[in-house]
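Taken together, the values in this text are just the output of simple stated rules run on the coordinates, not laboratory data. All values reported here derive from a predicted model rather than from experimental measurement. Note: ideal-geometry Cβ built from the backbone for every residue, glycine included; neighbour counts use all protein chains shown.
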């Protein structure tokens, strides 16, 4: 936290935030697989946590986008809960990387040296080099992640996220800055943003920034409408956030997809949870399924549904940079059986065919296709699909089903 009478106070409160975070980490229920990597850049070992999405199967060969969150020992649980409730329909399944910052937090997350200093600061360039040249390559070699990445940070972490966007934007696709400390070093990020936007585009990048309701350290009655008229150090944190947002909004249309949100009922310490939720939904607005109701309307034609599936597949590939199934396997399968129950056999066949196309290693999709062929009386094709399912699963269920269908063929 960096409220903000003078720079000495900034660093003092930042130390307090780090100490509180470290104390919390001691009692935190374990979220994610703990790992570490030695950094030649930082000359120290750095811990991080890896959280897999629900239903993760290491044998499937599937790779996932990655979301990196700073202060991972504190914030990873909130990110994990958000993914649990919102993945699939609102945000994609992702592998979450919680980077620990309980040591040397101010040093690593602040982009410039500020004096006088109670603790080291201004080491963000080194920490970013560690992330880009050591941590990310290690993650992408060891874990099933793609090169589609998001970066999330709170307070100094939010400052670091924006600094990364402005100085090395190609490293991540999405940046989520929660109540960022944009007052740092006389609003350094605002100055850098003006330079960046004057000479280059951030086309294809997305940034979400939030601001908490603590607009004035001593006057809770201060409002978003009046805070910019106050010129005291007590409002510098909020005014820096608003000035940055005003500048970015003025540059709308120059490439950067930008969203900003004010949380009047949240404090600096409570804002991460709602910001992570709203921020991810905002950053991944393009991911959300369109015309979902058409899947539930019996009158929707097979060709209309196939057009929706194909459109979504192209849209996801355009954003991710690689092919992705347009809808989850369980939804594809459920839609097929719903059509089968309605007697809409052509539609059921289409869903099962698409399921096999997008999930070729799924024994369940081949088994479902067999049910379609049973419904139309084609037991030989049903047998062949169960046989394929058995080759993938080697389960007793599919073996017994093969035997039953074999009797009907003979």
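Could you order the peptides 308-318, 173-183 from most to least packed, using the average number of other C-beta atoms within 10 Å per residue?
173-183, 308-318
Mean residue ellipticity at 222 nm from the helices of the chain, using -39,500 (n - 2.57) per DSSP H segment of n ≥ 4 over the full residue count, to the nearest 500 deg cm²/dmol?
Per the formula, -15500 deg cm²/dmol.
Distance in nm between label sites at residue 60 and residue 396, each 7 Å beyond Cα in the beta-carbon direction?
2.6
Taking a ≥ b ≥ c as the square roots of the eigenvalues of the Cα gyration tensor of the stretch 292-409, is the shape rounded (a/c under 1.5), prolate (a/b larger than b/c) or oblate?
Judged from the Cα gyration tensor, the stretch 292-409 comes out oblate (a/c at least 1.5, b/c at or above a/b).
Compute the helix-to-body angle for 302-320: its Cα long axis versus the longest principal axis of the chain, expressed 0 to 90° and rounded to tens.
Around 40 degrees separate the two axes.
What is the distance, in nm, between label points placed 7 Å from the Cα along the Cα-to-Cβ direction at residue 329 and at residue 341?
Spacing of the two 7 Å Cα→Cβ label points: 2.2 nm.
Just to be sure I understand the model, the point goes 7 Å from the Cα along the line to the Cβ. What's the resulting residue 293 to residue 168 distance in nm?
Between residue 293 and residue 168, the simple spin-label model gives 4.7 nm.
Relative to the first principal axis of the alpha-carbon coordinates of the chain, what is the inclination of helix 329-341, with its axis defined by its Cα atoms, in degrees from 0 to 90 and to the nearest 10?
40
If one takes the longest principal axis of the Cα atoms in the chain, at what angle in degrees, from 0 to 90 and to the nearest 10, does the Cα axis of helix 156-167 lie?
80
Give the peptides 196-202, 242-248, 54-60 in descending order of average Cβ contacts within 10 Å, highest first.
242-248, 196-202, 54-60
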